[in-house]
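Student: This structure is in structure tokens; I'll ask about it shortly.
The values are calculated or read from the model by the stated rules, or taken from the named source; none is laboratory data. No experiment lies behind these values; they were computed from the predicted model shown. Ideal geometry is used to build each Cβ from the backbone, glycine not excepted, and the neighbour counts take in all protein chains shown. The area values use the complete protein model at the heavy-atom level, side chains included, leaving out ligands, DNA and RNA. Shrake-Rupley method; radii C 1.70, N 1.55, O 1.52, S 1.80 Å.
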Amino acid sequence: MSRAKRIVICGGGAIGVAIAYFLSRRGARPVVIERHAVAGAASGKSGGFLALDWCRGSALDRLARRSFELHAGLAAELNNPWLYRRLATYGGYAVENDTARATSQRPWLSAAVAITGRLGSPQTTALVEPRAFTIELMRAAQAHGAELRRGTVVELARRASGAASRAVGGVVLQSGEVVEGDAVVIAMGPWSMLATRWLPLPAVFGYKGHSLVFETGEALPAEALFLEYQEASGEILAPELFPRADGTTWVCAISSTGPLPIDPADVAPDEGAHARLEAMCRNISPALAGAPIVARQACFRPVTEDGLPLIGRVPGVEGAYVATGHSVWGMLNAPATGEAMTELILDGAAHHVDLAPFAPGRLARLDPARLRGA
Ligand SMILES: Cc1cc2nc3c(=O)[nH]c(=O)nc-3n(C[C@H](O)[C@H](O)[C@H](O)COP(=O)(O)OP(=O)(O)OC[C@H]3O[C@@H](n4cnc5c(N)ncnc54)[C@H](O)[C@@H]3O)c2cc1C
């Protein structure tokens with residue numbers, strides 16, 4: 001009998017964890033190396049909104065549809081510790097201090113908000129609590145033999161078969177320890193940019209988002225909301241409001257291109273961003289205005305130059321894989337990415353989705369000299 005493959009996964013966000021879960025279900029031995037905390041970055045702070053068909057017409061469509069289906073299956077199979085819920089989704093607009101609209105017919109929304117239409121039904125939109133999703137999926141992977149290690153990956157280890165070998169045989173941690181594996185997956189979210197020093201990979205950028213979590217109890221119904229909000233200054237924000245099954249409501253609206261710190265533990269909000277978000281929430285909803293805020297968060301989503309993720313083999317380097325750059329759909333697309341990467345690594349090709357549009361080689365590699373000083 002052949003021995004189980006040991007796959008080293010760099011990064012314990014939703015993407016790395018989903019890959020570990022599907023690998024573990026196939027009898028492989030994934031090892032997740034996480035620098036800060038599982039779900040400690042965007043995967044624990046995101047909205048957790050899922051949609052079946054919102055990627056229609058783009059290369060992401062098949063991945064998203066497959067993932068939407070897998071989310072429902074995973075929640076049922078693992079007893080839903082991450083509060084997966086189906087819900088209807090609406091769109092609308094609001095103008096700060098303009099209370100003439102009052103068309104929302106929802107007592108939890110202020111008269112500044114006008115609801116213009118339904119964007120999704122419980123058949124097509126859903127929500128998870130993303131931190132619990134990521135942490136519990138990691139636990140489920142561990143129950144199937146996956147390992148979780150705390151450590152900072154600083155380099156790749158080459159296979160012992162000759163000094164000239166470019167084949168990857170593991171990773172080197174900051175402590176100097178080498179963690180060996182048959183293959184290595186880069187899944188470090190926006191920090192995957194650092195891997196362009198080790199591998200011929202295109203650039204991955206971080207785009208910062210701020211969010212608040214309110215303790216709203218039962219004040220809000222199971223309806224997600226996407227709004228266009230005009231501040232008194234004339235600036236337009238795009239708030240998203242997601243009421244979760246645990247009685248909290250997650251709200252975001254403010255993004256920026258602030259620099260990504262090297263250490264994920266050092267991510268901090270932009271000055272004034274949360275105060276601005278709080279003012280907006282007070283204007284939109286009396287229920288939010290009166291609710292305690294239980295978290296003020298900032299995180300970076302990973303973005304590529306063409307907006308599509310990098311999912312596949314690193315060209316020209318045996319044993320090296322990448323899965324990152326999922327932008328605003330990383331929570332949605334984590335399960336199908338985990339499944340596809342597992343098929344690619346263990347079977348040589350993905351069966352459920354076509355990974356060709358996400359091939360890392362489609363974009364020019366970043367010259368590592370541009371990273372100097374990072
Ligand atoms: C405000 C906001 C709202 C969002 N809302 C949604 C949503 O509603 N629905 C949706 O589908 N998506 C959403 N997203 C997108 C989603 O959060 C991301 O696409 C997803 O979390 C990316 O997951 P990841 O595993 O690639 O990266 P991350 O979550 O960033 O995980 C990467 C991990 O790698 C670790 N790491 C970094 N460097 C090293 C190293 N050297 N060694 C070891 N480990 C390392 C980090 O500590 C981190 O834990 C949102 C994003 C933002 C910012």
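Student: Which residues, taken from the range 282-325, are under 30 Å from A356 (Cα atoms), in contact with a helix residue (DSSP H, G or I) (Cβ under 7 Å, 6 or more places away or on another chain), open to solvent by 10 Å² or more (accessible area, probe 1.4 Å) and within 16 Å of the ligand (Cβ to nearest atom)?
Tutor: Answer for the range 282-325, where residues must be under 30 Å from A356 (Cα atoms), in contact with a helix residue (DSSP H, G or I) (Cβ under 7 Å, 6 or more places away or on another chain), open to solvent by 10 Å² or more (accessible area, probe 1.4 Å) and within 16 Å of the ligand (Cβ to nearest atom): C299, R301, P302, V303, G307, L308, Y321.
Student: I would also like to ask the following. So which of D266, D354, D270 is surrounded by fewer than 17 Cβ atoms within 10 Å (Cβ to Cβ), within 24 Å of R66 (Cβ to Cβ) and either modelled with pLDDT of 95 or more or of a type outside the set (F, W, Y) (or both)?
Tutor: Answer to the check: D354.
Student: I need every pair where a residue in the range 59-85 that is closer than 12 Å to T337 by Cα and modelled with pLDDT of 95 or more has its Cβ under 6 Å from the Cβ of a residue that is among the β-branched types (V, I, T) and not in a loop (DSSP other than H, G, I, E, B), sequence separation at least 6 or different chains.
Tutor: Filtered contacts from the range 59-85: no entries.
Student: Six or more apart or on different chains, Cβ under 7 Å: which pairs go from a residue in the range 222-238 that's polar (S, T, N, Q) to one that's surrounded by 16 or more Cβ atoms within 10 Å (Cβ to Cβ)? Could you list them?
Tutor: Listed by first residue and then by second, the contacts come to Q230/V95; Q230/E96.
Student: Please enumerate the residues belonging to the range 20-52 that are within 13 Å of the chain's Cα centre (by Cα) and of a type outside the set (D, E, K, R).
Tutor: The answer is V38, A39, G40, A41, A42, S43, G44, S46, G47, G48, F49, L50.
Student: Please state which of the following conditions H352 fails to meet, knowing it meets all the rest: (1) closer than 22 Å to G73 by Cα; (2) touching a residue at least 60 places away in the same chain (Cβ under 8 Å); (3) part of a helix (DSSP H, G or I).
Tutor: (3)
Student: State which residue pairs qualify: first residue within 9 Å of the ligand (Cβ to nearest atom) and open to solvent by 10 Å² or more (accessible area, probe 1.4 Å) and inside the range 1-23, second residue among the small types (G, A, S) and in a strand (DSSP E or B) in any location, beta carbons under 6 Å apart, and separation of 6 or more residues or different chains.
Tutor: Taking only residues 6 or more apart or on different chains, the pairs are I15/A323.
Student: Residue check: is R26 open to solvent by 20 Å² or more (accessible area, probe 1.4 Å), farther than 19 Å from P122 by Cα and among the charged types (D, E, K, R)?
Tutor: yes
Student: Please verify whether L277 is under 30 Å from L212 (Cα atoms) and not acidic (D, E), treating the condition exactly as stated.
Tutor: So L277 fits the description; yes.
Student: With the structure loaded, tell me whether T89 is surrounded by 22 or more Cβ atoms within 10 Å (Cβ to Cβ), of a type outside the set (D, E) and assigned to a helix (DSSP H, G or I) or whether it fails that test.
Tutor: no
Student: When you scan the range 97-157 for strands (runs of 3 or more DSSP E) that lie fully inside it, which ones turn up with 3 or more residues that are farther than 30 Å from L23 by Cα and open to solvent by less than 40 Å² (accessible area, probe 1.4 Å)?
Tutor: Details: elements: 113-120, 125-127, 147-150.
The strands (runs of 3 or more DSSP E) meeting that bar are 113-120.
Student: While we're looking at this one, here's another question. Of all residues in the range 319-351, which are aromatic (F, W, Y) and under 18 Å from G206 (Cβ atoms)?
Tutor: Answer for the range 319-351, where residues must be aromatic (F, W, Y) and under 18 Å from G206 (Cβ atoms): just W329.
Student: Name the strands (runs of 3 or more DSSP E) wholly inside the range 172-276 in which the number of residues that are within 15 Å of the ligand (Cβ to nearest atom) and either over 16 Å from V153 (Cβ atoms) or not small (G, A, S) (or both) is 3 or more.
Tutor: Working: elements: 178-180, 183-186, 205-215, 223-230, 240-243, 248-256.
It comes to 183-186, 205-215, 223-230, 240-243, 248-256.
Student: Could you say whether any residue in the range 246-261 is under 30 Å from T99 (Cβ atoms) and open to solvent by 40 Å² or more (accessible area, probe 1.4 Å)?
Tutor: yes
Student: Moving on to the next point. Quickly run through the range 42-69 and pick out the residues that are under 12 Å from M331 (Cβ atoms) and not charged (D, E, K, R).
Tutor: Listed by number, the residues that qualify are A42, S43, G44, S46, G47, G48, F49, L50, A51, A64, S67, F68.
Student: Could you list all residues from the range 357-374 that are assigned to a loop (DSSP other than H, G, I, E, B) and either out of contact with any strand residue (DSSP E or B) (no Cβ under 8 Å at 6 or more places or on another chain) or modelled with pLDDT under 95 (or both)? Steps first, answer last, please.
Tutor: From the range 357-374, those assigned to a loop (DSSP other than H, G, I, E, B) are 359, 363-367, 372-374; that's our starting set.
If the condition is that a residue be assigned to a loop (DSSP other than H, G, I, E, B) and either out of contact with any strand residue (DSSP E or B) (no Cβ under 8 Å at 6 or more places or on another chain) or modelled with pLDDT under 95 (or both), then A364, R365, L366, D367, R372, G373, A374 are the ones that fit.
Student: Just to be sure I understand the filter: pairs with C-beta atoms under 6 Å, separated by 6 or more residues or on different chains, first member in the range 326-339 and more than 7 Å from the ligand (Cβ to nearest atom), second member among the charged types (D, E, K, R). Which pairs pass?
Tutor: As it stands, the answer is A336/R66, since those pairs meet every condition given.
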